[in-house]
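Have a look at the structure below, then the notes.
Every read-out reported here was derived from the displayed coordinates using simple, explicitly stated rules and does not represent laboratory data. Note that the structure is a prediction, hence the values are computed from the model and not measured. Because the Cβ atoms are built from the backbone with ideal geometry, glycine has one as well, and the counts that use them run over all protein chains shown.
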Amino acid sequence: MAVSVIEICNNALLDLGEETIMSLGDDCKAARLCNQRWRAIRDAVLRAHPWNCAMTQAELAACAGSPIWKWRFRYQLPPDFLRVISLVAINGEDLTQWEIQGGAVLCDEPAPLYAAYIRRETDPQKYDPLLDEALSARLSASLAYPLSGSTSLAQAFWNIYQQRLAEARGVDAREGVPENISPTTWLRAKLGA
């Protein structure tokens, strides 16, 4: 696992044949590009899969004021929110009818609402080593053209990113119970409840 953002950035730069940096504030093109692109790339890769290291849960309270039309309730999402994985009502049932607008969940379910979501995990020490590799590859793909001027190099690194992402997602997905297993739902159906 990576010790720091700089380590992930330096892995990307080394893959591109560039000099490493000491900090995102270094006065060189590579550091400026890493500084500019890191947050967006981190969030995009974290949003691409329900990574175990970025999953969390929250109880959402209803906001004051309801939506203007279609839905009855609005729930503000946490500030570290990147992607909803599931929403559960107070009765334990998964919500199937909802949408996100302006950083809030809109639905017809009364409070409280429970959310499993991907958070913006900013500590690279919590990342899986394969997630580190996927982040580094995505950063390499993003930096390849600005640093080299080569679209073919950028495409080659995009392909490497896709491969590393697939591997990381596969391993990460096997380290938990599949999301679609809901014993209470099928058991209730079997018992006719």
- Label of the coordinate-derived value, Kirkwood radius over Cα pairs in Å, listed as (1) 18.9; (2) 16.6; (3) 18.1: (1)
- Query: Under the Karplus relation 6.51 cos²θ - 1.76 cosθ + 1.60, θ = phi - 60°, what is the ordered set of whole-Hz ³J(HN,Hα) values for the range 53-63, x standing for Gly and Pro?
  - Reply: 6, 10, 7, 7, 10, 8, 9, 9, 8, 5, 7
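Can you tell me the relative contact order of the chain? Whole percent, Cα pairs under 8 Å, sequence separation 6 or more.
Values: 280 pairs, mean separation 46.8, N = 193.
The value is 24 percent.
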- Item | Amide H within-cut-off set for Leu60, under 5 Å, with H built and near neighbours excluded | Leu113, Tyr114, Ala115
- Task: Evaluate the relative contact order of the range 54-120 (contact order divided by residue number), counting alpha-carbon pairs under 8 angstrom at least 6 apart; express in whole percent.
- Result: 47 percent
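Counting pairs of alpha carbon atoms under 8 Å apart in space and at least six apart in sequence, what relative contact order in percent does the range 1-84 give? Write down the numbers at each step before the final one.
Numbers: 52 pairs, mean separation 13.4, N = 84.
The value is 16 percent.
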- Applying the Karplus parametrisation 6.51 cos²θ - 1.76 cosθ + 1.60 with θ = phi - 60° to the phi angles of the range 76-90, what ³J(HN,Hα) value in whole Hz is obtained for each residue in order, glycine and proline being reported as x? 6, 7, x, x, 8, 5, 10, 7, 7, 9, 7, 10, 10, 7, 4
- Compute the long axis of helix 129-148 from its Cα atoms, compare it with the longest principal axis of the Cα atoms of the chain, and write down the angle in degrees, 0 to 90, nearest 10. 50 degrees
- For the chain, cysteines whose Cβ has no other cysteine Cβ within reach (under 4.7 Å): Cys28, Cys53, Cys63, Cys107
- Order by protection proxy (mean Cβ within 10 Å, highest first), peptides 109-122, 41-54: 41-54, 109-122
- Stokes-Einstein D (µm²/s) once Rh is taken as the Kirkwood radius of the range 54-120 over alpha-carbon pairs, at 4 °C in 1.567 mPa s: 110 µm²/s
